[in-house]
Amino acid sequence: MLEPDLRAADPAIATLIDDENRREHESLRLIASENYASRAVMEATGSCLTNKYSEGYARKRYYEGQQVIDQVEELAISRVKALFAKTRGKGEGQDDLHVNVQPYSGSPANLAVYLAFCQAGDTIMGLGLASGGHLTHGHSVSITGKYFKSVPYGVRRTDCRIDMDEVRSLAREHKPKVLWAGTTAYPRALDFAAFREIADEVGAILAADIAHISGLVVAGVHPSPVGYADVITSTTHKTFRGPRGGMILCKKEHAAAIDRAVFPGLQGGPHNHTTAGIAVAAHEAARPEFVQYAQNVVDNAKALGEALSARGFAVVTGGTDNHLLLVDVTAKGVTGKVLAQALDRANIVLNYNAVPFDPRKPFDPSGIRIGTPAVTSRGMGRDVMLMLAEWIDRVTAAPADDSVVAGVAAEVKALCEKYPAPGLRL
Ligand code: DSN
């Protein structure tokens, strides 16, 4: 339950927050980009730091009264730097990394990369949205596809994996200014070394968008782009388990360009309460338990993928290397949207998603995306993944049957009672 102040001041919002607390507690959160931030992260985010303006960077601000804020931002930066420096597979050491924790979220972080390195009309390359890329990697409806000449690469028809030969030949032909290595709905590990080779060959800036996998990267269960990418962007609220926010890491030589692009190029004052939450999350991610957490996220995703495959689901690429699965449900006689909505009624919350080469429209595509970061934060393991596969199977067989859906909803709710989620107050 909430503190009494909010309840007295604004009962309507207090009640809605209570409702969301209960919904998050009673349902299985399988949206691959979501997680549960800890109470400590939420306390920092809900603190008086939200009151302060601090345009600029530590020791170089445009407003007075930064005695505390400078320390908060410097602490967040040093913790993030330390986490990523130890993931380095290549390069000279921590001193080569520059960190900016001011981007409001992932999309602004990515826009800062464009502002730092491109002029309008320049060519950029990223994984197409339909193949699992992000809007901000050059999709036509995004400013990044309107202001730049976007050349998307895709995945192979045969195995739905990123086709590095296609990336190389498109890069040779189009000579992009920025080459993105990053995904939102791709279940396999990214080969940052291969992307680096291609970027070097064509003189591109290699930008790694690790929003989905940053927690896995710092825990060492996904290869790190540090030492390969010129610039790395991430949100802070997915596998990283922090507040909603963004961060950018780059080689020292690009520090001034990135900092200028974030402020004053794109943003005004940083959200200092979020910066504090990022610092807390980085502190939590430095603990040995976080490595185990990240390994469990991947193990759970693999277990769920195997269980779904055994039940006849078409798991794209045949499985996963990371925290998510993409499943084509066409052969089960249902569309992604119908299934996602039925599962939501069954307290299993995920999103409908296009699959590679999807013949259906994005608003009602052929697949669903399933992520394990949040359920793993609740301490759920392999046994729950097997139950989950059975529940998904049951709802898939009868998405319009209210009694089937209600039966699964009740079982899910009973299970959730045994696994309190971090950060929720009930
Ligand atoms: N909305 C995020 C996701 O779900 O992957 C990406 O920005």
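Values quoted throughout were computed directly from the atomic coordinates according to the rules given, and no laboratory measurement underlies them. Computed from a prediction, not measured in an experiment: that's the story for all the values here. Note: ideal-geometry Cβ built from the backbone for every residue, glycine included; neighbour counts use all protein chains shown.
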In debye to the nearest 20, the charge dipole size for the chain, taken about the Cα centre with +1 at each Lys and Arg Cβ and -1 at each Asp and Glu Cβ, equals 360
Simple spin-label estimate for residue 50/residue 397, 7 Å along Cα→Cβ, in nm, reads 4.7
With the label point 7 Å along the Cα-to-beta-carbon line of residue 260 and a cut-off under 11 Å to each amide N, the hits in region 100-118 are 116-117
Given a Förster distance of 45 Å, the FRET efficiency implied by the Cβ-Cβ spacing of residue 363 and residue 64, rounded to the nearest 0.05, works out to 0.35
In debye to the nearest 20, the charge dipole size for region 112-185, taken about the Cα centre with +1 at each Lys and Arg Cβ and -1 at each Asp and Glu Cβ, equals 100
Plugging the Cβ-Cβ distance of residue 283 and residue 157 into 1/(1 + (r/R0)^6) at R0 = 45 Å yields, to the nearest 0.05, a FRET efficiency of 0.50
Projected onto the charge dipole of the chain (unit charges on the beta-carbon of Lys, Arg, Asp and Glu, signs +1, +1, -1, -1), the Cα from 422, 117, 220 with the largest positive-side position is that of 117
Most packed first (mean Cβ within 10 Å per residue), the peptides 30-38, 48-56, 305-313 order as 30-38, 305-313, 48-56
For region 126-251, percent of DSSP beta bridges that are antiparallel (nearest 5) comes out at 40
Here FRET efficiency (C-beta to C-beta, residue 331 to residue 201, R₀ 45 Å, nearest 0.05) is 0.65
Placing each pseudo-label 7 Å from Cα in the direction of the beta carbon, residue 8 and residue 165 end up separated by a distance in nanometres of 7.1
Note on the chain: contact order normalised by length, alpha-carbon pairs under 8 Å, 6 or more apart, percent, works out to 23
Taking 0.36 nm per residue of separation between residue 120 and residue 311 and subtracting their Cα-Cα distance, the length gained on full extension comes to 63.9 nm
For residue 337, counting only lysines whose alpha-carbon sits under 17 Å away and dropping same-chain residues fewer than eight positions off, the answer is 361
quick note, the chain, DSSP beta bridge pairs, % antiparallel (nearest 5) is 55
